[in-house]
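Accompanying notes for the structure given below.
A short reminder: the numbers here are calculations on the coordinates, not readings from a lab. All of these numbers come straight from a predicted model, not from anything done at the bench. FYI the Cβ positions are ideal-geometry reconstructions off the backbone, even for glycines, and counts take in every protein chain you see.
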Amino acid sequence: MIEGIILLAALLLLILVGVPVSYAFAATAICYLLLILELPLVTAAQRAGTGADSFALTAIPLFLLAGSLMNAGGITQRLIAFGNLMVGWLPGGLAAVNIAVSIFFAGISGSAVADASAVGKAMIPGMVQQGYPRPFAAGVTAGSSIVGPIIPPSIPIIVYGLASGVPIGALFLAGVFPGLLFGIGILVMTVIISVRRSFPRIPLSHLTRKQIFTSTRDASAALIMPLIIVLGIVSGIFTATESAAIAAFYAFLLAVVVYKALTWRQVGRVILETAVASAAILFIIALASVFGWVLIRSGFPQVLAGSLAEANLSAALVLLFINIALLIFGMFMESNAAILIFTPLMLPIATTMGIDPVHLGIIIVFNLMIGLLTPPVGMCLFVTAAIAKLPVLTVARASMPYVVAALATLVVITYWPPLTTWLPSRF
């Protein structure tokens, strides 16, 4: 027990003093291996190789590639045109479109940071040009971007599935209703803000039937992709990794053949950028797997789960403690790394308390997505602040209404399990 606490404390201390997360994992795990377990150094390399040697992990670069191809192929502009039709008539039309595009994009990229970057580059300058305050434009973009990893496909959900052994298809389905609930919540929040601040609507009377048909057709071609992914997985036609490959191929066909928006040279550039982004994620996963292994060897998760069981705490109170811990650590840690740390820690506790692992997965992922909106390591804040050319704290203040909406959604997710478990149970 004491060894596990020291292990976690050392990791958090290294992260807080600025050591990159991947190196913090490696340093703490290697010290434990050498000093406590007295195993050879090669064990760390073997465990890192084992952690990265997973067929399911190849879904991550493939989903990233699909999202990158879609974005580079002009899909963001097509989704904006479709969003105008769907919600542009609401007060604060462009802000509502921003949220709608994030929800649409969530079914393509699976990454909140990719969502914030793609939607932000397209929407923030346009909103500022139309008279929206720059902080508000950045805040709504950051706030809506975290819906990306909740609605399938989702890279953090894939990471949780690998760490927990829970079927990824069930987890994908579990994220559908929470993601839509959060999307509706922030849309309502934006409309309220827009009415109070007299933001304009988008006039749609000038659109012809042909323009409406073209916008719907172009966006529908992209929005079919998440349906292919989810239905293919839950029906058993293909695995999560195979669905990612199909998604990447489909995105390639749309961007190069249908939309004719990318040349072969541009496709090569997109593949290279995806490879770099994938390498960073997989490097963290490989070293985090070493840390997770030594944490389990320390016996800390099992002892903690047993202690909570003996304390006769209610499941509701345990879930409250889990949420508080994740919200705090999510402020300081990269989300995929945090999932790999906390899943082996919290899964035994959830199992002991009778909490569904699928339900727990969505709770963990949603908590850590909120961390993307909170300083000091809120990546979505940094991305949108860079695009809007604003201080990060300015964007953080502007995104606070969406943090409130996210916390309200988290309460519903936590204490109403059917929101996450009903849909997976139908398949």
At the level of C-alpha centres, the distance separating segment 225-290 and segment 162-223, in angstrom, is 22
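Which order do peptides 292-299, 104-111 fall in by mean Cβ count within 10 Å, highest first?
With the highest mean Cβ count within 10 Å placed first, the list reads 104-111, 292-299.
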Could you list the trypsin sites (Lys or Arg not before Pro) in segment 209-287 that lie in coil according to DSSP, counting only those with at most 13 other Cβ atoms within 10 Å of their Cβ? Lys260
Limiting things to C-alpha atoms, what are the Rg and the maximum Cα-Cα separation (Dmax) for segment 35-178, in angstroms? 19.1, 66
Exposure proxy order (Cβ contacts within 10 Å, fewest to most) of Ile324, Ile212: Ile324, Ile212
Segment 277-385, relative contact order in percent, only Cα pairs under 8 angstrom and at least six apart counted: 33
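Multiply the residue separation of Ala52 and Ala316 by 0.36 nm, subtract the distance between their alpha-carbon atoms, and state the gained length in nm to one decimal.
On the way: separation 264, 0.36 × 264 = 95.04 nm, distance 3.49 nm.
Using 0.36 nm per residue and subtracting the Cα-Cα distance, I get 91.6 nm.
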Mean separation of Cα pairs under 8 Å and 6+ residues apart, divided by the residue count of the chain: what relative contact order is that in percent? 27
Kindly provide the helix-only [θ] at 222 nm of the chain, computed as the sum of -39,500 (n - 2.57) over DSSP H runs of four or more divided by all residues, to the nearest 500 deg cm²/dmol? -24500 deg cm²/dmol
Given 10 Å bins starting at zero, what is the percent of C-alpha pairs of the chain in each, up to the one with the largest pair distance? 5, 22, 31, 26, 12, 4, 1, 0
Computed from the mean reciprocal separation of all distinct C-alpha pairs, what Kirkwood hydrodynamic radius does segment 51-127 have, in Å? 13.1
Points 7 angstrom from Cα along the Cβ direction at Val412 and Leu204: gap in nanometres? 2.3
Kindly put Val365, Val140 in sequence by how many other C-beta atoms sit within 10 Å of each C-beta, fewest to most. Val365, Val140
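Report, in debye and to the nearest 20, how large the dipole of segment 2-425 comes out about its Cα centre when Lys and Arg carry +1 and Asp and Glu carry -1 on their Cβ. The partial results should precede the final answer.
Details: 16 positive and 10 negative charges, 337 e Å.
I would put it at about 1620 debye.
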A student applying the Cα gyration tensor rule (rounded when a/c is under 1.5; otherwise prolate if a/b is larger than b/c, oblate if not) would label segment 269-357 prolate
Taking θ = phi - 60°, what integer Hz values does the Karplus form 6.51 cos²θ - 1.76 cosθ + 1.60 yield along segment 229-243, in sequence order, with x for Gly and Pro? 4, 5, 5, x, 6, 5, 7, x, 5, 8, 7, 4, 5, 5, 5
How far apart, in nanometres, would the label points at Ser235 and Val257 be if each is projected 7 angstrom from Cα along the Cα-to-Cβ direction? 1.9
For the residues Leu347, Leu287, Leu16, what sequence is obtained by ranking on other C-beta atoms within 10 Å, fewest first? Leu16, Leu347, Leu287
Mean Cβ count within 10 Å, highest first, over the residues of peptides 160-173, 37-50: 160-173, 37-50
Kindly state, to the nearest 0.05, the FRET efficiency for Leu272 paired with Ile212, given R0 = 45 Å and r defined as their beta-carbon distance. 0.75
For segment 414-427, just list the computed ³J(HN,Hα) in residue order, Karplus coefficients 6.51, -1.76 and 1.60, θ = phi - 60°, integers in Hz, with x standing in for Gly and Pro. 5, 10, 10, x, x, 4, 9, 9, 5, 5, x, 6, 7, 10
Can you work out the Karplus-derived ³J(HN,Hα) for every residue in segment 388-403? Use 6.51 cos²θ - 1.76 cosθ + 1.60 with θ = phi - 60°, whole Hz, and x for glycine or proline. 7, 6, 10, x, 4, 5, 5, 5, 4, 5, 5, 8, 4, x, 7, 5
